[in-house]
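No lab work stands behind these numbers, since they all come straight from the coordinates. Keep in mind that this is a model prediction, so the values were computed, not measured. When we count neighbours, we look across all protein chains shown, and the Cβ atoms used for this are built from the backbone with ideal geometry, even at glycine.
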């Protein structure tokens, strides 16, 4: 499959903007100023502005470090294809349960950071986050709410 150069540029620009918005929302939800965030990342404030605006000139290292510092890397970086489940693979009953839990998570998140993280995810990513949460809870022997 050959992808046109303009298509790639558009895709990268759109995804960079989305990532920047997610990073900005997570930073604000955690009460970090751009100055404090820049200090934690060992970069300048203009670099933070570029990162949050989706400027593709920001290094991959800086982007990944930002995700790690904000503790949102698991929600952004995808799992292996073999570990993912798509919505059609999940039984209707389970989907209804997930929908209710997603709504509760979005409305009654324990803190602003969790709320910002949950709301920044696509519906597919939210479902995947719940699946992963259930796996972790079952491994730790924690009962489902």
Report the FRET efficiency, 1/(1 + (r/R0)^6), for residue 62 and residue 125, where r is their Cβ-Cβ distance and R0 is 22 Å, rounded to 0.05.
0.45
Please rank 64, 19, 77, 51, fewest neighbouring Cβ atoms within 10 Å first, as an exposure proxy.
77, 64, 19, 51
Gain in length, residue 55 to residue 8, computed as 0.36 nm per residue apart minus the alpha-carbon separation, to one decimal in nm?
15.4 nm
Ranking of 122, 53, 16 by count of other Cβ atoms within 10 Å, fewest first:
122, 53, 16
Kindly put 43, 127 in sequence by how many other C-beta atoms sit within 10 Å of each C-beta, fewest to most.
43, 127
